[in-house]
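The values are calculated or read from the model by the stated rules, or taken from the named source; none is laboratory data. A quick note: this is a predicted structure, and the numbers were derived from the prediction, not measured. Reconstructed Cβ throughout: ideal geometry from the backbone, glycine too, with neighbour counts over all protein chains shown.
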Ligand SMILES: [Zn+2]
């Protein structure tokens, strides 16, 4: 199982890593994805700075875990029907 960023397709093995990635990017595509899920980048950033790595990421990590995980077996089954 892995986590796939909906904004840029980066793949992470843990939701916490992908959450860090999304906050680290913070560009339009990533902010818009957050907004579509009911979170605000600016609020996450504020929570993040107040708590030094705590609450801001906790909310986002939970969301990432729920919204971006993909079953690797499903993904490889799909790609094996491709060109090779
Ligand atoms: Zn991304």
Can you tell me which residue in the range 7-24 is farthest from the ligand (Cβ to nearest atom), limited to those that are surrounded by fewer than 17 Cβ atoms within 10 Å (Cβ to Cβ) and more than 23 Å from residue 49 (Cα to Cα)?
13
Only one of 45, 39 is away from the ligand (no atom under 11 Å from the Cβ) and either part of a helix (DSSP H, G or I) or in contact (Cβ under 8 Å) with a residue 40 or more places away in the chain (or both), namely 45
Take the residues in the range 27-36 that are near the ligand (Cβ under 10 Å from one of its atoms) and exposed (fewer than 15 other Cβ atoms within 10 Å of the Cβ), then tell me which one is farthest from residue 56 (Cα to Cα).
29
Which numbered condition trips up residue 53, out of (1) more than 11 Å from the ligand (Cβ to nearest atom); (2) modelled with pLDDT of 90 or more; (3) more than 16 Å from residue 68 (Cβ to Cβ)?
(2)
Of those in the range 48-72 that are out of contact with any helix residue (DSSP H, G or I) (no Cβ under 7 Å at 6 or more places or on another chain), touching a residue at least 40 places away in the same chain (Cβ under 8 Å) and not in a helix (DSSP H, G or I), the residue nearest to residue 18 (Cα to Cα) is 69
Output the qualifying pairs, or none if there are none: Cβ atoms under 7 angstrom, residues six or more apart or on different chains, first residue in the range 9-32 and within 24 Å of residue 71 (Cα to Cα) and touching a residue at least 40 places away in the same chain (Cβ under 8 Å), second residue in a loop (DSSP other than H, G, I, E, B) and within 8 Å of the ligand (Cβ to nearest atom).
18/5; 22/5
